[in-house]
Amino acid sequence: MAIQHTQNPILCLIDDNPEDRANIRRYLLQDTNYHYHILEAETGEMGIELCRRMRPDCILLDYNLPDMNGLEVLTPLADVDGNMPYPVIVLTDQGNETIAQQTMQRGAQDYLVKSEMTAGNLLRAIHNAIERTTMRRIMEQQHHNLEQKNQEIQAFAYALAHDLRAPLRAIGGFAQIVEQDYKDQLDDNGRRYIERIVQSSLQMDRLIDELLSYTRIEHRTLRRKPVNLAYVVQQVLEQLAERVAKTSASITVAKDLPTIYSDQTLIQQIILNLVSNALVYHKPDLAPQVEIRCTLQSQECLLAITDKGIGIAPKYQERIFQVFQRLHNEDEYPGTGIGLAIVKKAVDIMGGRVWIESVIGKGSTFYVKLPCAIQAE
Ligand code: ADP
């Protein structure tokens, strides 16, 4: 969409009175800022057709036309959202000011009483209108450019992450072969280096996986349907069964988890990431203890996932929801720093809120509040 800069603005004059039109043309000639390209229509129908075809920078609309009034002209000119895409100045007769106000509620920008019209007040109103259109078009253009850039960046990030995977898997795979088949030919240092290569490539593979999930979620639109939370939690626990067993974790799930009207994939991702973290960030001498609850409050549900893990200091409690914000290094606790950013993004898409209450050394509760119309069972 090219921005039309308006040294020769297109002005559509919709008025059935030839004398009034001649008068206005004379005023317009006195303008030293602009040289107008004037389109004229004698009826509302012709005017609507002309505006749709020529997209004028300003419309001068006589309220009383032979076939319709100003309000009836404005209605079909509005866009699908009911907004007026053109700046319209309504011309009324003396005593019609109330009607003129109504046209402004329908999107007209200004009105002038014909008998009080002078070159000065007409040109001032037109200049305002043109300035407004130019500003709006610049803003639309900037918004459009920004959206396009955003999409390009996201597509680039997605392609990059995707294409990095194949060579990375080759590096990791060959390193594993060397580790297994040539270990006798390597000295201690060689074996340590190879092990580091294998570990680092696995870590990078996890990172790419999560970056892809994060990018995918950014493009996602909401898909709401009845979601049985008890079923979703069961799915998550099946996914994490190996880790639950390995860490001897105890997981308590509330018996009364409700069915809510929401997006199942996003909710499952949220619960998966929060429970996974609870399994990771436990105290070294205490197996993870996790509790999953959900309460309904009017049209909202409050999901709470509590652990008795290492806790998070207050000063980090907001920062952890940003991408790549980790409080530990890979050797202490493995991770990528993307899990909670995915949770936050999913919650934002659903119009909800996520926050944490935590005490260092005692544990944390992650709360997720979501709007959800409750379905009758
Ligand atoms: P990752 O776990 O991959 O590092 P996350 O985005 O899931 O990334 O978490 C960010 C950081 O928040 C973690 O590195 C950790 O320091 C902290 N964190 C997350 N969950 C918990 C938890 N349940 N208990 C304590 N710290 C946590």
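Numerical summary
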{"item": "Cα gyration tensor, the range 208-282 - rounded (a/c under 1.5), prolate or oblate", "result": "oblate"}
{"item": "Contact order relative to length of the range 238-377, as percent, for alpha carbon pairs under 8 angstrom and 6 or more apart", "result": "28 percent"}
{"item": "Computed lengthening from N128 to L164, 0.36 nm per intervening residue step minus Cα-Cα distance", "result": "7.6 nm"}
{"item": "For the chain: relative contact order, % (alpha-carbon pairs under 8 angstrom, 6 or more apart)", "result": "11 percent"}
{"item": "Helical contribution to [θ] at 222 nm, DSSP H n ≥ 4, -39,500 (n - 2.57), averaged over the chain, rounded to 500", "result": "-16000 deg cm²/dmol"}
{"item": "Antiparallel DSSP beta bridges within the chain, percent to nearest 5", "result": "60 percent"}
{"item": "Rg [Å, one decimal], Dmax [Å, integer] - the chain, C-alpha atoms", "result": "32.4, 104"}
{"item": "Size of the range 1-159 as Cα extents on the principal axes (Å, biggest first)", "result": "64, 33, 24"}
{"item": "Three principal axis lengths of the range 257-373 [C-alpha, angstrom, descending]", "result": "43, 26, 24"}
{"item": "Assigned charges on the beta-carbon of Lys, Arg, Asp, Glu; the range 96-205 dipole about Cα centre (debye)", "result": "540 debye"}
{"item": "Whether the range 34-108 is rounded, prolate or oblate, judged on the alpha carbon gyration tensor where a/c under 1.5 counts as rounded", "result": "rounded"}
{"item": "10 °C / 1.306 mPa s Stokes-Einstein diffusion coefficient of the range 9-73, Kirkwood radius on C-alpha pairs, µm²/s", "result": "133 µm²/s"}
{"item": "The range 155-223, Cα convex hull volume normalised per residue, Å³", "result": "81 Å³"}
{"item": "Cα→Cβ-extended label distance, 7 Å offset, between Q142 and T247, nm", "result": "4.6 nm"}
{"item": "Listed residues T134, Q148, I171: farthest to the positive end of the dipole of the range 74-180 (Cβ charges)", "result": "I171"}
{"item": "Zero-based 5 Å bins, Cα pair distances in the range 107-187, whole percents", "result": "3, 11, 9, 9, 7, 7, 7, 5, 6, 5, 5, 4, 4, 4, 3, 3, 3, 2, 2, 1, 0"}
{"item": "Contour excess over end-to-end distance, with Cα ends at T259 and N64 and 0.36 nm allotted per residue", "result": "64.4 nm"}
{"item": "Exposure rule at most 13 other beta-carbon atoms within 10 Å, DSSP loop chymotrypsin sites (Phe, Trp or Tyr not before Pro): the chain longest free segment", "result": "1-181"}
{"item": "Space enclosed by the convex hull of the alpha-carbon atoms of the range 318-377, per residue, Å³", "result": "120 Å³"}
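Every number in this text was worked out from the coordinates using simple rules, so none of it is lab data. These figures come from a predicted structure and were not determined experimentally. Reconstructed Cβ throughout: ideal geometry from the backbone, glycine too, with neighbour counts over all protein chains shown.
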